[in-house]
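For reference, the structure discussed in these notes is given below.
Each value in this text was obtained by applying a stated rule to the coordinates, not by laboratory testing. Predicted, not measured: the structure shown is a model, and the values here were computed from it. Note that each Cβ is placed from the backbone with ideal geometry, even for glycine, and that neighbours are counted across all protein chains shown.
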Amino acid sequence: MRQATVTRNTLETQITVSLNLDGTGQSQLDTGVAFFDHMLDQIARHGLFDLDIQARGDLEVDAHHTVEDVGITLGQAFAQAVGDKKGIVRYGHSYVPLDEALSRVVVDLSGRPGIEYHIPFTRATIGQFDVDLLLEFFRGFVNHAAVTLHIDNLRGTNSHHQAETVFKAFGRALRMAVAVDERMAGQTPSTKGTLVG
């Protein structure tokens, strides 16, 4: 089973992430930030990952450290769970609509962190959640999972829909990228022979 558990403790946050890439989409999420839990659930459900995230952070300050550090810890767990990447598809992409909103996410498990992030949110907050924090989550994930990630919200007027289409597409793109291709058995999907750095 491709799975990992990572605990990350700092003076600002205490986070444990358990991830099973070959799961059924089950999740247990408790970050103290309800909207963020809702978004993380999209990753599990649409990626068919089993995901358990327990986080305690300095929410009395704001949600920044919690959201960013969950991204970091999830990225570390993902890197461990995916392993040497032999036999996987490597690339994944997904378009997801929700009413008027449409987003596209493309991922490459390249071993090189990089992000292109384009979400023209129509509001600065979703409820009490600051939409700027979503970039911090994805940046934390990318830097520690060592993946290249392109996120584009192509249209949308409802900021909740914009965010939700992104997270659903992210889960589905990761699901495609980590899928095992039997024709690649034992092979690294790269002409370099490695997907590390």
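For the chain, the mean residue ellipticity at 222 nm estimated from helices alone is -11500 deg cm²/dmol, where every DSSP H run of n ≥ 4 contributes -39500 (n - 2.57) and the total is divided by all residues, rounded to the nearest 500. Quick one: helix 64-82 against the long Cα principal axis of the chain, what's the angle to the nearest 10°, folded into 0 to 90? Taking the Cα atoms of the chain, the angle to 64-82 is about 10 degrees. Here the simple spin-label model places points 7 Å from the Cα toward Cβ, and for E60 and T157 these points are separated by 4.3 nm.
Looking at the range 28-115, the GluC sites (Glu not before Pro) that sit in a DSSP loop and have at most 16 other Cβ atoms within 10 Å of their own Cβ are E60, E100. Treating r as the C-beta distance of D99 and Q128 and R0 as 30 Å, the FRET efficiency rounds to 0.85. Karplus-based coupling profile of the range 50-58, in residue order and whole Hz: 8, 9, 10, 10, 10, 9, 10, x, 7, with θ = phi - 60° in 6.51 cos²θ - 1.76 cosθ + 1.60 and x standing for Gly or Pro. Per residue, the convex hull spanned by the alpha carbons of the range 41-197 comes to 108 Å³.
The ranking of T13, T125 by Cβ neighbour count inside 10 Å, starting from the fewest, reads T125, T13. GNM remark for the chain: springs join alpha carbons under 10 Å apart, and the peak mean-square fluctuation among T66, T122, T165 falls on T122. A crude spin-label estimate for the pair T16 and Q28, with each label 7 Å from Cα along the Cβ direction, gives 0.9 nm.
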